[in-house]
């Protein structure tokens with residue numbers, strides 16, 4: 001178990017293989033293509049994103065991230081990956097929105113990061129790939145993206161400005177949608193007027209002082225998902241008091257220990273995604289745990 005017989009691999013392949021073995025994930029064509037992408041593209045971050053629900057733990061969720069210096073090479077690798085995924089059996093990717101927002105004319109000098117993720121489910125129709133991007137000072141691309149996003153009341157109250165992140169979900173059954181990720185920085189979290197305007201005070205009260213920043217996204221009905229970046233992840237896990245989450249999180253210190261002498265990678269960055277309605281009801285049953293390995297700069 002653990003990292004037995006995989007010490008010749010890159011850090012990202014070690015972590016990916018550990019995760020697959022630990023949770024007994026079965027191989028499939030999309031996993032094989034993603035493994036090839038890990039090995040052959042200039043990625044700088046690798047993320048595992050297991051999801052806790054009342055009935056199960058869904059673990060087939062991974063993401064590769066790329067920094068600005070590798071934008072063009074990463075873009076070409078992502079395009080090739082999407083083409084290959086689209087040729088798999090029972091997969092029908094609709095790339096119309098993707099091709100409109102992310103074309104060859106995109107200004108890479110304004111792209112801070114990009115990434116590609118997979119979410120493999122038992123039902124092919126629920127599986128998807130997701131493209132992520134973060135841009136700076138690119139107002140025309142912000143406005144273009146928002147034109148494809150679902151209507152959200154008072155959306156302009158959110159801190160959508162110089163730095164803007166969004167994702168494009170490409171489901172295997174041809175559905176496509178856009179996610180945006182307004183960011184509340186430490187300064188904005190302390191801005192009581194802003195928190196009041198966004199009506200977030202009640203949802204954030206139980207976590208005061210436990211996180212340094214917060215992303216917000218929206219589900220298909222406009223409900224908010226709060227993505228917490230905690231100061232002390234282990235304490236945040238204790239605060240949530242969910243047995244399944246505690247079991248999942250136990251992998252984080254194991255992976256940190258196994259990599260701490262390598263000198264190649266930084267300690268895992270950890271975040272938690274919670275449904276606002278569940279927070280307000282004090283009945284948190286659905287939790288996304290993300291832990292991300294990055295190369296040291």
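May I ask you to list the residues in region 83-100 that are surrounded by 18 or more Cβ atoms within 10 Å (Cβ to Cβ) and assigned to a helix (DSSP H, G or I)?
Step one: of region 83-100, the residues surrounded by 18 or more Cβ atoms within 10 Å (Cβ to Cβ) are 85, 91, 93, 98.
Of everything in region 83-100, those that are surrounded by 18 or more Cβ atoms within 10 Å (Cβ to Cβ) and assigned to a helix (DSSP H, G or I) turn out to be 85, 98.
Of all residues in region 41-55, which are crowded, with 18+ Cβ neighbours inside 10 Å and assigned to a loop (DSSP other than H, G, I, E, B)?
Hits for region 41-55 are 41, 43, 44, 49, 50.
To keep it simple, each residue is scored yes or no on (1) within 15 Å of residue 41 (Cβ to Cβ); (2) out of contact with any strand residue (DSSP E or B) (no Cβ under 6 Å at 6 or more places or on another chain); (3) in contact (Cβ under 8 Å) with a residue 60 or more places away in the chain.
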| site | (1), (2), (3) |
| --- | --- |
| 70 | yes, yes, no |
| 75 | yes, yes, no |
| 84 | yes, yes, no |
| 92 | no, yes, yes |
| 95 | no, yes, yes |
| 103 | no, yes, no |
| 110 | no, no, no |
| 115 | yes, no, yes |
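Determine whether residue 167 is in contact with a strand residue (DSSP E or B) (Cβ under 8 Å, 6 or more places away or on another chain), under 30 Å from residue 86 (Cβ atoms), in contact (Cβ under 8 Å) with a residue 12 or more places away in the chain and exposed (fewer than 12 other Cβ atoms within 10 Å of the Cβ).
Numbers: in contact with a strand residue (DSSP E or B) (Cβ under 8 Å, 6 or more places away or on another chain): yes; under 30 Å from residue 86 (Cβ atoms): yes; in contact (Cβ under 8 Å) with a residue 12 or more places away in the chain: yes; exposed (fewer than 12 other Cβ atoms within 10 Å of the Cβ): no.
Answer is no for this residue.
Has region 215-229 got at least one residue that is farther than 28 Å from residue 19 by Cα, touching a helix residue (DSSP H, G or I) at 6+ places or on another chain (Cβ under 8 Å) and touching a residue at least 12 places away in the same chain (Cβ under 8 Å)?
Yes: one or more hits.
If residue 104 passes every condition in (1) assigned to a helix (DSSP H, G or I); (2) modelled with pLDDT under 95 but one, which one does it miss?
(1)
The values are calculated or read from the model by the stated rules, or taken from the named source; none is laboratory data. Computed from a predicted model, the values in this text were never measured in an experiment. In this analysis, Cβ positions are derived from the backbone assuming ideal geometry, glycine residues included, and neighbour counts consider all displayed protein chains.
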